[in-house]
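Here's the structure we're looking at; comments come further down.
The values are calculated or read from the model by the stated rules, or taken from the named source; none is laboratory data. Source: prediction; values computed, not measured. So basically every Cβ, Gly included, is an ideal-geometry build from the backbone, and we count neighbours across all protein chains shown.
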């Protein structure tokens with residue numbers, strides 16, 4: 001998990017300030033990164049699961065592009081990992097963040 005924290009810090013540090021990612025979008029991105037790490041999967045693996053290209057996943061995880069997971073992506077990931085789509089969301093709304 002330490003590698004994930006370092007990766008997350010670098011990811012946030014390297015994000016351009018003009019790209020706006022909401023708290024809930026970042027939560028979903030972080031959740032998928034964590035799932036990917038726990039299951040020892042690559043960006044290519046996640047791309048295959050959601051029917052996308054690896055570069056799309058790279059763009060999402062880099063924060064340098066406004067690319068985001070949509071509800072269909074979340075549904076496919078939830079199905080693949082045996083989860084509910086709601087597992088990808090935070091427990092409470094972050095209205096003011």
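Within region 23-49, the set of residues being over 12 Å from the mean Cα position of the chain (by Cα) and in contact (Cβ under 8 Å) with a residue 24 or more places away in the chain comprises 39, 49. Checking each residue in region 62-74 for being part of a helix (DSSP H, G or I), under 13 Å from the mean Cα position of the chain (by Cα) and modelled with pLDDT of 95 or more picks out 71, 73, 74.
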